[in-house]
Amino acid sequence: MEKIKAAILGPGNIGSDLMYKIMRSRRMQVAMMAGIVDSPGIQRAKSIGIPTTTDGIGPILDHPEIRIVFDSTGARPHLVHAPLLKEAGKLAVDLTPAAIGPYVVPAVNLDKVSDASNFNMVTCGGQATVPIVHAINRVAGVVYAEIVAAISSKSAGPGTRQNIDEFTQTTARALCVVGGAKKGKAIIVLNPAEPPLMMTDTVYVEVEKPDEKAIRESVEEMVRTVQSYVPGYRLRMPPTLDDHRVVTIVEVEGAGDFLPKYSGNLDIMTSAAAAVGEALAERILAGSGR
Amino acid sequence: MMEMNRHIRVVDSTLRDGSHAVSHQFDADQIAAIAGGLDKAGVPFIEASHGDGLGGSSINYGRAKLTDEQILRAASSVIEKGALTVLLLPGIGTQEDLVMASDCGARAVRVATHVTEADIAEQHIGLGKKMGMTAFGFLMLAHMASPEVIVEQARLFESYGCDVVYIADSAGAMLPSDVKVRIEALVDAVSVPVGFHAHASLGLAIANTLAAVDAGAQYVDGTCRGLGGGAGNAQTEVAVAVLNKAGFETGIDLYTIMDVAEDIVEPVMQRPQVVRNASLIQGYAGVYSSFLLHTYRAAEKYRLNPRDILVELGRRKMVGGQEDMILDVAHEMAQTRR
């Protein structure tokens, strides 16, 4: 079967984990790992036979067969990369907070944004909680959604730490824009316990129509959908009602591809990005892509 | 050797930590009366916020009766001498909230993180300084870290421009000897003043406060009548009396602060601020004080003993802000029982 060529920009932890996930894809192959220095990530890619470059985005732009580019560099570099990729006719899957393109949560809105050429992966907390908010909203009408994301200190990188407001603000927006809540709030807590805790996300919503059975069924169906691309996504506490308020707790165990299993927060980002890539590749192969 | 009459600055947190004890239901009149009284007594820093800081009003931490802005305006309208102070936990509150607080007249900010996570506070401290505020770096649940780790984290705060670094015994789990080693290590390691925030879970809030100043702390926290999360805090009025007796100078008039506690704060209290079994266990098991009332509610809903829930939260090493895990633990315990 023909495979669509994809590239990864940014050979850090996220880029490396993504590399292993795309190597398993039936529709994509990693045609290039691009960095700016000869880093351990570049070495790793090289050692398993992936073409690499330390010249940044240039060689990707010059490679006519690369159709999908995953950017796991940072918000600032992506602001530079995005217009270049667009001009070169390449689809961008943005794992940075730059958010130039629409937010994408594969289980929720992939089909609605398929015209875009740049897809933003929101935040790890958004990938974990927006599906739950959406699942409740479609049967009960969510007036307010609030999430608490707890991640192990070890899996919170410097980017998240230096700009933690970006996490809360972006996630809160996605609860509304993608999840359908009228109002959203997000909280993040870092916990240094050893051994590291699994990522846990609590979703509180206030609903118009508190039908417990409908809410439970909708959430359980949604959890299965997310599990199709994040196998370690689990319901820890099923939707539990208290008047018009519903509490649901999920946890995310990483696949352990490159990152440790407790880094569910990073795994759900790379898994969701790979799922977007998969859908884009399928569309290209079906001939409906550009 | 301590010099006599050393000046100790007291931060009164009745309108912030005390907010936990009234489930964040202070109204504007109560806030104005308390803030006005504290200011008259000469309290230099008057902290007012949701118990979990700016942006804390939520399902997870409890919705406040008033917005952050209403709380701050009610307090700032009556404060003439003291510095209106706000708490901000990065991950809950944002820089936007801090700008609002500054617009409402807040002149000091305490940026609080778990004791190992100071590096999430750099932006907020920087913004506070930029707006001309006094910035405190506040390390919570300090009993969970060694003096070495605390020093490393406090140095980060100092490098971000903090004017004061604090350690908070947020669970009330420390003994005076624990306070002493941590404060001494900090005083040696940083060039800014050091502060201490006590909780009363083990009945040691005042003893620990005294241990802190003896070890070189220049700032201490209190709340009138000890109003606060869990078993409550060091009682401001008692701390002032004890510090006076021990030869320290606070600049706070003892009779005035006693009257604020008895005439203004006591009437708004919803329950006696004493060490009940559940809050004793918070100190014993090292569990965040603010979890108490949420735990009582979960225990009632799932028909469990609050003590069992708290012990499990301690075993799991839950940190400040993880109130949602009270439900998780209670749910799991109820499932197991079936």
| query | What is the local net charge at residue B:70, summed over the other residues whose Cβ is closer than 15 Å to its Cβ (Lys, Arg +1; Asp, Glu -1)? | reply | -2
| residue A:87 versus residue B:159: modelled label distance in nm, points set 7 Å from Cα along the beta carbon direction | 3.8
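Using 1/(1 + (r/R0)^6) with R0 = 56 angstrom and r between the beta carbons of residue B:249 and residue A:183, what's the FRET efficiency to the nearest 0.05? Before the final figure, lay out the partial values.
Details: r = 49 Å, r/R0 = 0.87.
It comes out at approximately 0.70.
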| field | Positive-end residue of B:171, B:99, B:282, charge dipole of chain B with Cβ unit charges | value | B:282
| said: For a Förster distance of 45 Å, can you work out the FRET efficiency between the beta-carbons of residue B:271 and residue A:217, rounded to the nearest 0.05? | reply: 0.65
| Roughly speaking, what is the stretch gain from residue B:70 to residue B:305, that is 0.36 nm per residue apart minus the C-alpha to C-alpha distance, in nm to one decimal? | 80.9 nm
| said: I need to check one value: relative contact order of the stretch A:124-261, counting alpha carbon pairs closer than 8 Å and at least 6 residues apart, in percent. | reply: 30
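Please order B:26, A:258 by the number of other Cβ within 10 Å, starting at the fewest.
Details: B:26 26, A:258 21.
By the 10 Å Cβ count, ascending: A:258, B:26.
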| request: Write down the Å³ per residue value for the convex hull defined by the alpha carbon atoms of the stretch B:277-337. | output: 67
| query | Tally Lys and Arg at +1 and Asp and Glu at -1 over the other residues with C-beta under 13 Å from the C-beta of residue B:163: what net charge comes out? | reply | +3
| Under a GNM of chain B (C-alpha, springs under 10 Å), which listed residue has the highest mean-square fluctuation: B:306, B:272, B:193? | B:272
| field | Helix A:212-227 axis, angle to chain A major axis (alpha carbon atoms, nearest 10°) | value | 10
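Please give the charge dipole size of chain B, origin at the Cα centre, charges +1 on K and R Cβ atoms and -1 on D and E Cβ atoms. Round to the nearest 20 debye. Please list the in-between numbers first.
On the way: 28 positive and 41 negative charges, 168 e Å.
With Lys and Arg at +1 and Asp and Glu at -1, about 800 debye.
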| Of B:88, B:35, A:195, which is farthest on the positive side of the dipole of the protein assembly as shown, counting Cα position, with +1 on Lys and Arg Cβ, -1 on Asp and Glu Cβ, and the Cα centre as origin? | A:195
| note | Under a Gaussian network model of chain A whose springs join Cα atoms within less than 10 Å, the largest fluctuation of A:39, A:263, A:155 belongs to A:39
| task | Specify whether the C-alpha gyration tensor of the stretch A:49-105 places it in the rounded, prolate or oblate class, a ≥ b ≥ c being the square roots of the eigenvalues: rounded for a/c under 1.5, otherwise prolate if a/b is larger than b/c and oblate if not. | result | prolate
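Could you put B:315, B:155 in order, starting from the residue whose Cβ has the fewest other Cβ atoms within 10 Å? List each step's numbers first, then the result.
Values: B:315 12, B:155 17.
Least crowded to most crowded, the residues run B:315, B:155.
So if we plug the beta-carbon distance of residue B:338 and residue A:245 into 1/(1 + (r/R0)^6) with R0 = 22 Å, what FRET efficiency do we get, rounded to 0.05? If you can, show how the numbers build up before the last one.
On the way: r = 23 Å, r/R0 = 1.05.
That gives a FRET efficiency of 0.40.
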| note | Within the stretch A:130-159, the residues whose backbone N lies under 16 Å from a label point placed 7 Å from the Cα of residue B:316 along the Cα-to-Cβ direction are A:148-153
| query | Roughly how tilted is helix A:124-140, in degrees to the nearest 10 and between 0 and 90, from the longest Cα axis of chain A? | reply | 40
| task | Distance between Cα centroids, the stretch B:228-259 to the stretch A:128-143: provide it in whole Å. | result | 49
| task | Could you work out how far helix A:75-87 tilts from the main Cα principal axis of chain A, as a 0 to 90 degree angle to the nearest 10? | result | 60
| In whole Å, how far is the Cα centre of the stretch B:88-147 from that of the stretch A:10-88? | 37
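How big is the antiparallel share of DSSP beta bridges in the stretch B:9-267, given as a percent to the nearest 5?
Numbers: 2 of 35 bridges.
Bridges in the stretch B:9-267 are about 5 percent antiparallel.
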| What is the magnitude of the charge dipole of the stretch B:277-337 about its Cα centre, with +1 placed on the Cβ of each Lys and Arg, -1 on the Cβ of each Asp and Glu, and no other charges, expressed in debye to the nearest 20? | 140
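Determine the shape class of the stretch A:1-139: with a ≥ b ≥ c the square roots of the Cα gyration tensor eigenvalues, call it rounded for a/c under 1.5, and otherwise prolate if a/b is greater than b/c, oblate otherwise. Don't skip to the end; give the middle numbers.
Working: a/c = 1.72, a/b = 1.64, b/c = 1.05.
Prolate shape, in that a/c is at least 1.5 and a/b is the bigger ratio.
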| said: Just to be sure I understand: if I project the alpha-carbon convex hull of the protein assembly as shown onto a plane and average over all orientations, what area do I get in nm²? | reply: 27.9
| remark: Net charge near residue A:197 (other residues with Cβ under 15 Å of its Cβ; Lys, Arg +1; Asp, Glu -1) is -3
| With charges only on Cβ, +1 for K and R and -1 for D and E, what is the dipole size of the protein assembly as shown about its Cα centre, in debye, rounded to 20? | 1640
| remark: A chain fully extended from residue A:236 to residue A:3 at 0.36 nm per residue, minus the present Cα-Cα distance, gains in nm 80.2 nm
| Looking at the stretch A:10-115, which trypsin sites (Lys or Arg not before Pro) are in a loop (DSSP not H, G, I, E or B) and have at most 13 other Cβ atoms within 10 Å? | A:24, A:26
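May I ask for the equivalent-ellipsoid semi-axes of chain B, computed as the square root of five times each C-alpha gyration tensor eigenvalue and listed largest first in whole Å? All intermediate terms of the calculation are to be shown ahead of the outcome.
Numbers: eigenvalues 149, 101, 85 Å².
Equivalent-ellipsoid dimensions as semi-axes: 27, 22, 21 Å.
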| query | What are the lysines whose alpha-carbon lies under 19 Å from the alpha-carbon of residue A:86, with same-chain residues fewer than 8 places away excluded? | reply | A:5
| message | Cut-off under 12 Å on the C-alpha distance; same-chain residues fewer than 8 positions from residue A:182 excluded. Which aspartates and glutamates are left, in chain and number order? | response | A:146, A:206, A:208
| task | Give the distance, in whole Å, between the Cα centre of the stretch A:195-229 and the Cα centre of the stretch A:95-114. | result | 20
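Here, each number is a calculation from the coordinates, and none is a lab measurement. Keep in mind that what you see is a predicted model, and the values were worked out from it rather than measured. All Cβ positions, glycine included, derive from the backbone under ideal geometry; neighbour counts span all protein chains shown.
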